[in-house]
Each structure stands twice: as structure tokens, then as C-alpha cells.
Amino acid sequence: LIVRKVENDRAFFRLNVNVDASVIGLPPFDAAEKACRLVNISIGGAYIFSEEKYAIGSKFMLRVKLLEDRPESVLLCEVLRVIEKDEEAGYEYGCRFLEITEEDQQNITQDMFAIQSKKLDIC
């Protein structure tokens with residue numbers, strides 16, 4: 001048996017969230033804040049939907065508040081994958097976090113746990 005290709009081999013658990021977020025470009029590019037949608041998140045990265053076009057290797061700050069009662073996170077990201085979505089007039093981006101602190105990792109983990117707990121309470 002030979003494994004030819006492994007799709008979506010992730011180092012970390014990803015949680016589907018579908019929440020509003022924003023992308024802040026880094027100089028020398030447009031540093032304006034642009035709306036996006038956070039589709040899922042892990043402590044290693046995020047998957048976002050945006051109407052803006054970014055290239056693989058682009059870097060930006062992702063601003064998101066996963067829960068109303070928790071602090072906002074601002075994380076440096078690098079685009080690893082780009083998927084054009086014709087039917088939604090936008091793009092999906094697989095991003096990894098760069099220079100993430102241990103505190104950021106703990107906050108994301110706590111937020112993910114709280115979101116999962118809320119989802120289980122609803123079911």
C-alpha cells in the first residue's frame with residue numbers, strides 16, 4: 001500500500017465558526033481594514049472568505065472577536081492557499097498564523113472550547 005496524496009492533513013483541530021472579521025493589509029500595500037468572514041480557525045491558522053484578492057504568500061493582520069465576552073484577537077497571517085469562489089464573488093484563503101504568542105494560542109484555545117461548549121448545550 002502506497003499513499004500517493006493526503007488532503008487536508010492538519011496539525012491542529014479546526015473549528016467551524018463563520019463569524020465576521022477583518023483583514024488589515026501590511027505596508028507597502030493597502031493598509032485599509034477590509035471586511036471578511038472567518039470560516040474556521042485553529043491555533044495554527046484560519047480559513048477566511050473575502051471579496052478582496054490576495055496572492056499566495058501575502059501577509060496581513062486578521063482582526064476577529066470569536067465571542068462577545070472575550071477579547072478581540074489581532075493575528076499576523078500568511079496566505080497558503082487561494083480558492084476562487086465564482087458563485088459567491090469572492091475568494092477563500094487558507095492562512096497560517098505567524099509570530100503567534102503563547103498567550104494568543106491560549107486565548108484561541110479557550111475561545112474554541114467555549115464555542116464548542118455552547119454548540120453542545122444547544123444540541
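The values are calculated or read from the model by the stated rules, or taken from the named source; none is laboratory data. Predicted model only: the values in this text are computed from it and were never measured. Cβ sites come from the backbone with ideal geometry, for glycine too, and all protein chains shown count toward neighbours. SASA here: full protein model, heavy atoms, side chains in, ligands and nucleic acids out. Shrake-Rupley method; radii C 1.70, N 1.55, O 1.52, S 1.80 Å.
Have a look at GLU78, GLU102, GLU88 and point out the one that is under 15 Å from LYS53 (Cβ atoms) and of a type outside the set (Val, Ile, Thr). Give the steps one after another, and end with the answer.
Working: GLU78 fails: under 15 Å from LYS53 (Cβ atoms); GLU102 fails: under 15 Å from LYS53 (Cβ atoms).
Step by step, each of GLU78, GLU102, GLU88 is checked, and only GLU88 is under 15 Å from LYS53 (Cβ atoms) and of a type outside the set (Val, Ile, Thr).
Just checking, how many residues over the stretch 49-67 are of a type in the set (Phe, Trp, Tyr) and either out of contact with any strand residue (DSSP E or B) (no Cβ under 9 Å at 6 or more places or on another chain) or more than 14 Å from GLU92 (Cβ to Cβ) (or both)? Give the steps one after another, and end with the answer.
Filtering the stretch 49-67 down to residues of a type in the set (Phe, Trp, Tyr) leaves 49, 54, 60.
Next, from what is left, pick out any that are either out of contact with any strand residue (DSSP E or B) (no Cβ under 9 Å at 6 or more places or on another chain) or more than 14 Å from GLU92 (Cβ to Cβ) (or both): 60.
Total satisfying the criteria: 1.
So which residues in the stretch 76-92 are part of a strand (DSSP E or B), at pLDDT below 95 and open to solvent by less than 90 Å² (accessible area, probe 1.4 Å)?
Going through the stretch 76-92, the residues part of a strand (DSSP E or B) turn out to be 76-85, 90-92.
Those left that are additionally at pLDDT below 95: 83-85, 90.
ILE83, LYS85, GLY90 - these are the residues of the stretch 76-92 that are part of a strand (DSSP E or B), at pLDDT below 95 and open to solvent by less than 90 Å² (accessible area, probe 1.4 Å).
Answer yes if at least one residue in the stretch 93-102 is surrounded by fewer than 14 Cβ atoms within 10 Å (Cβ to Cβ) and not in a loop (DSSP other than H, G, I, E, B), and no otherwise.
Of the residues in the stretch 93-102, the ones surrounded by fewer than 14 Cβ atoms within 10 Å (Cβ to Cβ) are 98-99, 101-102.
Add one more test, that the residue is not in a loop (DSSP other than H, G, I, E, B), and what stays is 98, 102.
Checked against the condition, which is being surrounded by fewer than 14 Cβ atoms within 10 Å (Cβ to Cβ) and not in a loop (DSSP other than H, G, I, E, B), the stretch 93-102 yields at least one hit.
Take the residues of the stretch 103-123 that are hydrophobic (A, V, I, L, M, F, W, C) and assigned to a helix (DSSP H, G or I): which is modelled with the lowest pLDDT? Even if it seems obvious, please write down each step before you answer.
Within the stretch 103-123, the first condition is being hydrophobic (A, V, I, L, M, F, W, C), and the residues that meet it are 108, 112-115, 120, 122-123.
Next, from what is left, pick out any that are assigned to a helix (DSSP H, G or I): 108, 112-115, 120, 122.
Values: ILE108: 91, MET112: 91, PHE113: 91, ALA114: 90, ILE115: 88, LEU120: 75, ILE122: 60.
Only one residue fits best here, namely ILE122.
I'd like to verify a number: residues in the stretch 13-27 that are over 10 Å from PHE60 (Cα atoms) and β-branched (Val, Ile, Thr), how many?
Result for the stretch 13-27: 2.
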